[in-house]
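Please treat every number below as a calculation from the coordinates, not as lab data. Small disclaimer: the values here were computed from a predicted structure and weren't measured. A quick note on method: Cβ atoms are made from the backbone with ideal geometry, for glycine too, and the neighbour counts reach across all protein chains shown.
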Amino acid sequence: MGQAMRKSLARAAALVVAVSTAIVILWILVYPEPDPKNIKYVLWKRGLYGMNLDAASGTMIGDSNREMLVLGKTKTELQEKFGYLSTLSEASPYLRGCYENSEWKGNDVLFIRKSPWMIVFRGDKAKELVLIKGC
């Protein structure tokens, strides 16, 4: 391989790195936290970044595809994704009261961390994701 060819390849590689870096910087600036298009959240959803899990559960509110994170998953899989799940007795009095006066009363439920996200289970799989608010 000639010297001209090596220089050409080096320039092309440098250009690819520069453009990729510019895209990532622009992405970070255009979609700051807690936007669900934020690069940290997007990478976390795909298991490629160790995001703050409380921030992640908060960011889910604006994520139109949040169900894909939960539905069809087992309790163990969800604990691995979210760090921990809270039982009904560990949930806040507000969340417990909402549950008690809801159509989900009597169902097997867990909450994502200390968030208002309630997961309804049927058997060993998550069947519904509910944002508890304004009850």
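Data for the structure
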{"quantity": "Size of electric dipole in the stretch 48-109: Cβ of Lys, Arg +1 and of Asp, Glu -1, about Cα centre, debye, nearest 20", "calculated": "20 debye"}
{"quantity": "Kirkwood hydrodynamic radius over Cα pairs of the stretch 15-114, then Stokes diffusion coefficient at 37 °C and 0.692 mPa s, in µm²/s", "calculated": "212 µm²/s"}
{"quantity": "Alpha-carbon centroid distance for the pair the stretch 1-49 / the stretch 80-116, whole angstrom", "calculated": "39 Å"}
{"quantity": "P(r) weight above 17 Å for the stretch 30-78, C-alpha pairs, percent", "calculated": "29 percent"}
{"quantity": "Positive-pole candidate from Trp44, Met60, Leu110, dipole of the stretch 31-131, charges at beta carbon", "calculated": "Trp44"}
{"quantity": "Relative contact order (percent, whole number), the chain, Cα cutoff 8 Å, 6+ residue spacing", "calculated": "18 percent"}
{"quantity": "Cα-centred dipole magnitude for the chain, charges only on beta-carbon of K, R (+1) and D, E (-1), debye, nearest 20", "calculated": "600 debye"}
{"quantity": "Distant-in-sequence amide H partners of Arg113 (H built 1.01 Å from N, under 5 Å)", "calculated": "Tyr84, Leu85, Ser86"}
